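Accompanying notes for the structure given below.
Derivation of every value follows stated rules applied to the coordinates shown; laboratory data play no part. Please read all numbers here as calculations on a predicted model, not as lab measurements. Ideal geometry is used to build each Cβ from the backbone, glycine not excepted, and the neighbour counts take in all protein chains shown.
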Amino acid sequence: MNFKINHIQHIGIPVTDLKVSAAFYEKLGFQNVMESGFDFNGGKGMVAMMQREEMIIEIYQMPEKELDEIRHRKNGHIDHIAFDVSNIDVAFAELKNASFTIIEAAPVFLPFWKNGCRYFNITGPDGERIEFNQIL
């Protein structure tokens, strides 16, 4: 692959109560540096980016009808690992041409951060999700 991966951008963790989880991470020295809503399957979810120095943890609460899956997980809740990329379109094209399994049909825009971001995910051999994300 020739596209540039800058660093791990964030680790995504689904939570059942965004406010409770944000308070937990704040006790660990993280600050809520970005909060936004998002649409999912006709419902509204919430996300917060919790940052401490160079580390970012994305905590997100799915719409109410989607929360049962999260509540019934027996093991950890880490959902994905995200890599920061300089050019999302180049990364998407290279991974598609290399026959990686890409979940989205094209990079997706989200109204996160000041100017938004674009991302897409691939799946690994055991079904793990790896996100490529460009903050705009």
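A few notes on this one:
- Efficiency of FRET from Cβ geometry, VAL108 and GLU54, R₀ 25 Å, rounded to 0.05: 0.50
- The chain - mean residue ellipticity at 222 nm from DSSP helices (-39,500 (n - 2.57) per run, n ≥ 4, rounded to 500): -5000 deg cm²/dmol
- The simple spin-label model puts a point 7 Å past each Cα toward its Cβ; for ASN32 and VAL20 those points are separated by 1.5 nm.
- For the stretch 1-38 versus the stretch 57-116, the gap between their alpha-carbon centres in whole angstrom: 12 Å
- Spin-label model, PHE40 to ASN97: label points 7 Å out along the Cα-to-beta-carbon direction sit 3.3 nm apart.
- Where labels lie 7 Å past Cα in the beta-carbon direction, separation of MET1 and ASP89 in nm: 1.9 nm
- Listed residue (PHE100, ASN2, VAL33) projecting farthest to the positive dipole end of the chain, Cβ model: VAL33
- Cα shape, the stretch 43-83, gyration tensor, a/c 1.5 rule: oblate
- Result for the chain in a Gaussian network model with C-alpha springs under 10 Å: among GLY42, GLY116, GLY12, the largest mean-square fluctuation is at GLY42.
- Computed log₁₀ I(q)/I(0) - Debye formula, equal Cα scatterers, no solvent, the stretch 36-135, q 0.14, 0.20 Å⁻¹: -0.62, -1.24
- The stretch 5-135, dipole about Cα centre (Lys/Arg Cβ +1, Asp/Glu Cβ -1), debye to the nearest 20: 200 debye
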